[in-house]
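What follows is a set of notes on a single structure, which appears directly below.
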Amino acid sequence: MFSLLFDWWPVIAAALAAWLIAKIVQNDVMSPLAKIPGPWCFLQRRFDMVIGIVCEDAPHRFLRQYHKYGPIFRLDSDSVIVADVEAVRLLHSSNRFRKAEHYKAMEFHQDNIFSTRDVDYHRKMIRVVGPTFSNSSINGMEAMIYETGVEKLLDKVEKFATSSDTFDILQYITYMTLDIIGKVVFDSSFDLLLAEKVEEAEPPVIKWLREVSALGMLRYVLGPLCNRWVFPSHFASDKSLIEFARNAVRKCEEKAGQAAQESTQKTILYQLIKAEDPETGERLTEDQLIAESVIQIMAGTDTVALTTTWTLHLLLENPHTYQLLVKELCVALPDRNARVTHSQLKSLPYLNAVLYESMRILPVTASGNPKQMPPGGETICGHHIPEKYVVYPMTYIVHRMKEVYGPDPEEFRPGRWIDASAEQLDLMRRMFLGFSLGSRACVGQTLAWVELRLALATLLRRFDFHVPDDAKVDMTPVLQFTLRPRARQFLVKAEPRAM
Ligand code: HEM
């Protein structure tokens, strides 16, 4: 075998060289993207992407390229990254720029409001699903959000404060978001916060979500190689999650057939079962109900948990900012133990500034929302990008544009959302991709804001947090589907705040 290779090596080397030259000509010389700056060769671009995925540091890697190449640069043979005001505005301005094929990874059970690339199907889903996330609908859920999630989280932290134990607050905030989603979507909390002790084994719903989101990416990257023989546990989790949602849908359908309690009528699934498309009068099928409720668990738990955790982390890293927020909260909520309502919080300037700033600097959806170019292509940053090529307005980079956020974009400075001129603030808001923009913006953002404000404000009003020296963990932000701490935990101590 080796002697054969040895005899034929000049031929093999020549064939490899010919292949490489042909690929370089195709991808780097003849490509319609050839004039766009970026790493010089397709191999280097592919290498950067693979290393970014393996080391989970893609956002930092591509930020360095932005500093080197400017507002548009090549990501792969058919895709570019942009961080430019006009381009971001254009890409979110109309349905001409559809979601890229990557969103197939978000199809759970079937196409859903998040994954769909079909503009008409999306419009229909917005007509039916949108009202369940309206202000009045979410206001009706506030008591459930508080009692099922926020209050139970406070009880948990109180116990750790009393025992002076160090604990992983990311874990408990994640439990809170899951218990809330369970309650507001299915009328049944997962009761993760009620467990006395943290079990050694991961709670089933957490395992399902972890494996099902990984499965989405694996399917996209590996195609047919991603099957139930290679990833049996992931496929089992997928089945369990769908079965869980199917049972919940059937239970809720039964309740909807009888005289359901008022609190049940407020839940998202109940509203979806009753909802009719105002244009056609159609209702959602059982399969659509399953798919929509699954995507709400997938999209509405980690995002809120990580945003709350990152905000707490950034505050503890910046004691002056932390004190300013605590001061605002102590004035607005004079009684440490009184129940807090969202209306007391929603206009607090510093609380809102802190949350915007945290989502700006550490956006959980850091990679942004890739858009496919329409028929005829489009000119972006002076370059023609052909039909079906993909453009990424990468959130992590857009949120660090000096022309939008000022000369210190790497600083966590909530004050920028308060002291900016009206014109600057308008630009900052229009470039804020934390919840995305336009017709594909986050449909659950009203719910997210209620959870974020209630959780952060009540935690900080009631407790003083710090990171003990002997419990420091690696909080480097890494991209694993969402932006999370490398340690996958955030260890803190809490003390009851003096009245
Ligand atoms: C802090 C929390 C949250 C953040 C930062 C966030 C962020 C986002 C972003 C950036 C998008 C656009 C993604 C893309 O196009 O690739 C999105 C879409 C979406 N989000 Fe959220 N989200 C949050 C909470 C929630 C919650 C609580 C729910 C529901 C329970 C939810 C449900 C959805 C859905 C269904 C979509 C798809 C909307 C569509 O395409 O029409 N999200 N979210």
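The values are calculated or read from the model by the stated rules, or taken from the named source; none is laboratory data. Worth saying up front: this structure is predicted, and the values here are computed from it rather than measured. Neighbour counts run over all protein chains shown; Cβ positions are idealised from the backbone, glycine included. Keep in mind that these areas ignore ligands, DNA and RNA; they rest on the heavy atoms of the full protein, side chains included. Shrake-Rupley method; radii C 1.70, N 1.55, O 1.52, S 1.80 Å.
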If the chain between Lys23 and Gln424 were fully stretched, how many nm would it gain, using 0.36 nm times the residue separation less the Cα-Cα distance?
139.9 nm
Skipping prolines and chain starts, which residues have an amide H placed within reach, meaning under 5 Å, of the one on Ile385, given they are 5 or more residues away or on another chain?
Glu378, Thr379, Ile380
Tell me, what ³J(HN,Hα) does each residue in the range 326-341 have, in order and in whole Hz, if you take phi through Karplus 6.51 cos²θ - 1.76 cosθ + 1.60 with θ = phi - 60° and put x for Gly and Pro?
4, 4, 4, 5, 5, 6, 6, 10, x, 9, 4, 9, 6, 5, 9, 10
Does a label point 7 Å from the Cα of Leu5, set along Cα-to-beta-carbon, have any residues of the range 13-46 with amide nitrogen under 18 Å, and which are they?
13-17
Here, chymotrypsin sites (Phe, Trp or Tyr not before Pro) of the range 279-362 satisfying both criteria (DSSP loop; at most 11 other Cβ within 10 Å) are none
Cut-off 18 Å, label 7 Å out along Cα→Cβ of Met499, residues of the range 300-333 by amide N
330-333
Work out from phi, with θ = phi - 60° and the Karplus expression 6.51 cos²θ - 1.76 cosθ + 1.60, the ³J(HN,Hα) of each residue of the range 305-319, listed in order in whole Hz, and give x for Gly and Pro.
5, 5, 4, 5, 5, 4, 5, 4, 4, 5, 5, 5, 6, 10, x
Report Ile53's accessible area, 1.4 Å probe, all protein chains in place, as a number in Å² to the nearest 10.
130 Å²
Arg250-Val326 pseudo-label distance in nm [points 7 Å out on the Cα-to-Cβ vector]:
5.2 nm
Given H placed on each backbone N at 1.01 Å, which residues far from Ser79 in sequence or on other chains put an amide H within less than 5 Å of it?
Val390
For Arg64 and Ala14, extending 7 Å from Cα along the Cα-Cβ vector and measuring point to point gives, in nm, a value of 3.9 nm
Sequence ranges 292-300, 95-103, ranked by mean other-Cβ count within 10 angstrom, highest first
292-300, 95-103
Note down the relative contact order for the chain as a percent, whole number, built from C-alpha pairs under 8 angstrom at least six residues apart.
22 percent
Simple spin-label estimate for Ser240 and Glu282 in nanometres, 7 Å along Cα-Cβ
3.4 nm
Kindly write out, for the range 24-30 in residue order, the coupling ³J(HN,Hα) from the Karplus curve 6.51 cos²θ - 1.76 cosθ + 1.60 (θ = phi - 60°), rounded to whole Hz, with x marking Gly and Pro.
5, 4, 5, 8, 10, 9, 8
